[in-house]
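Since the structure comes first, as structure tokens, the remarks are kept for the end.
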Amino acid sequence: MRRTLLMGLVGLALAACGGAEKKLEDPDGHRHQAKPLPLNKVITDSLTWDVDKSDWKIFFVEQQGLVTVTTHFDTPGGNCELYLRDKYGAQMAREVQSNNQYVQLVRRVVEPTRLFVWVNSSGKKCSTMYSIEAKIDPD
């Protein structure tokens with residue numbers, strides 16, 4: 001009887017371990033996990049409200065000039081947020097997507113630096129694929 005009870009408890013424990021879903025982790029959900037964003041190259045990514053709520057990108061500017069980050073969201077009116085942040089993470093520019101599917105951040109840089117782009121899902125409406133490109137027009 002004790003053996004049967006013990007075997008039943010072990011079986012329940014194994015079933016619980018095997019049945020538990022492992023939480024999916026967002027691979028670029030934090031600034032220290034930022035993925036490269038090569039200059040003058042369009043890349044695509046996606047946001048989903050339940051798993052992938054934010055994406056961080058990093059790019060390097062080697063000369064002074066006007067930096068432009070252009071994003072095209074596939075879903076209009078999603079209220080997705082787009083931020084440009086400096087090498088310390090401080091906010092340099094911010095735009096919120098409205099009914100326009102294009103969002104553009106423009107900022108002048110005066111020295112070589114690294115910059116971050118944070119694409120954030122501010123609500124359930126911001127579940128979308130998007131294309132993003134960073135450019136610099138040197139002075």
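A short reminder: the numbers here are calculations on the coordinates, not readings from a lab. As the structure is a computational prediction, the values presented were derived from the model and not from experiment. No Cβ is skipped: glycine too gets one built from the backbone with ideal geometry, and neighbour counts run over all protein chains shown.
Could you give the length gained on full extension between Asp137 and Thr113, defined as 0.36 nm per residue of separation minus the Cα-Cα distance, in nm? It would help to have the intermediate numbers written out before the result.
On the way: separation 24, 0.36 × 24 = 8.64 nm, distance 1.46 nm.
Stretched out fully, the Asp137 to Thr113 stretch lengthens by 7.2 nm.
Which trypsin sites (Lys or Arg not before Pro) in the range 98-139 pass both tests, a DSSP loop state and at most 11 other beta-carbon atoms within 10 Å?
On the way: sites: Arg107, Arg108, Arg114, Lys124, Lys125, Lys135; in loops: Lys124, Lys125.
Passing sites in the range 98-139 are Lys124.
Give me Tyr83, Tyr130, Tyr88, Tyr102 sorted ascending by neighbouring Cβ count inside 10 Å, so fewest comes first. Write out the running numbers ahead of the final one.
Details: Tyr83 20, Tyr130 23, Tyr88 8, Tyr102 11.
So the residues, fewest neighbours to most, are Tyr88, Tyr102, Tyr83, Tyr130.
Between Val106 and Thr68, what length in nm is gained on full extension when 0.36 nm per residue of separation is reduced by their alpha carbon distance?
On the way: separation 38, 0.36 × 38 = 13.68 nm, distance 0.45 nm.
Result for the pair: 13.2 nm of gain on full extension.
If you average 1/r across every pair of different Cα atoms in the range 29-138 and take the reciprocal, what Kirkwood value do you get, in Å?
Numbers: mean 1/r = 0.0728 Å⁻¹.
Hydrodynamic radius (Kirkwood, Cα pairs) of the range 29-138 is 13.7 Å.
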